[in-house]
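To start, the structure under review is shown below, and the notes come after it.
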Amino acid sequence: MNIITQLESTRDRTLQCFDLAEAELARKYAPEKWSVRFILHHLADAETVLNDRIRRTISEPRQVLLVFDQDAWAKGLDYSRMPLDLSRRIYEATRAGIIHLACEHYERNGHLEFIHSETGLRTLKDEFDKVAAHNEEHLGQIEAALSGQ
C-alpha cells in the first residue's frame with residue numbers, strides 16, 4: 001500500500017469515529033488510558049504538529065524540530081471541554097494538506113532531513129510514514145476500546 005492510500009484509508013476510518021455515540025466516545029481501551037474522545041482530539045493535534053514538521057522540512061531542511069508533550073496538550077487544551085466537531089475539522093483539513101504535500105514531495109523530496117529534538121536525524125519520507133503509522137496505531141486503540149478488549 002502506498003503512502004497516499006495509507007493516508008486516505010486512515011483518514012476515512014478516523015473520520016467515521018468522530019460520529020460515534022457518546023457512550024462509545026467515553027470508552028477506553030485499557031484502564032488509565034485515554035478515552036476514544038481524547039484519542040480523536042489527540043489525533044487532530046498530532047496532525048497539526050506533524051504537518052508543521054513536514055512543511056518546515058520542505059521549506060527549511062535540517063532544522064531542529066521539537067518534540068511535543070501529548071499529555072501536556074491534552075491537559076492544557078482541556079480535551080474534556082474541547083468541542084469534538086472542532087477537532088474533526090482540524091483533523092480533516094490538516095490531513096488534506098498532508099495528502100497534498102505527500103503527492104508533491106514524498107518521492108521527489110523524501111530525502112530532505114530534519115533533526116528531531118529527541119530522536120535525532122529523520123527524513124521527510126519518515127515523517128509522512130509516521131503520520132500514517134501513528135494514525136493506524138490509534139485506530140487500533142479505538143477498535144480495542146469499542147470491542148471491549
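Assorted remarks:
- Qualifying residue in the range 44-66 (condition: of a type in the set (Ser, Thr, Tyr) and over 30 Å from GLY148 (Cα atoms)): yes
- THR94 being on the phi < 0 side of the Ramachandran plot and touching a Phe, Trp or Tyr at 6+ places or on another chain (Cβ under 8 Å): no
- Checked against the criteria, ARG55 does not count as under 18 Å from GLU22 (Cα atoms) and among the charged types (D, E, K, R).
- Residue check, ALA93 in contact with a helix residue (DSSP H, G or I) (Cβ under 6 Å, 6 or more places away or on another chain), part of a helix (DSSP H, G or I) and under 16 Å from THR10 (Cβ atoms): no
- Scope the range 4-58; condition touching an Asp or Glu at 6+ places or on another chain (Cβ under 7 Å) and crowded, with 18+ Cβ neighbours inside 10 Å; matching residues: THR10, VAL36, LEU50, ARG53, ILE54, THR57
- Residue match in the range 137-148 (condition: closer than 28 Å to GLU60 by Cβ and not acidic (Asp, Glu)): no
- Residue within the range 69-76 that is surrounded by 14 or more Cβ atoms within 10 Å (Cβ to Cβ), modelled with pLDDT of 95 or more and more than 15 Å from the chain's Cα centre (by Cα) present: no
- Checking ALA145, ALA102, ALA132 one by one, the residue that is touching a helix residue (DSSP H, G or I) at 6+ places or on another chain (Cβ under 9 Å), assigned to a helix (DSSP H, G or I), more than 24 Å from ASP69 (Cβ to Cβ) and not β-branched (Val, Ile, Thr) is ALA102 and no other.
- Each residue in the range 103-144 was checked for being under 22 Å from LEU40 (Cα atoms) and aliphatic (A, V, I, L, M), and 6 pass.
The values are calculated or read from the model by the stated rules, or taken from the named source; none is laboratory data. None of these values were measured; they are calculated from a predicted model. Virtual Cβ from ideal backbone geometry, glycine too; neighbours counted across all protein chains shown.
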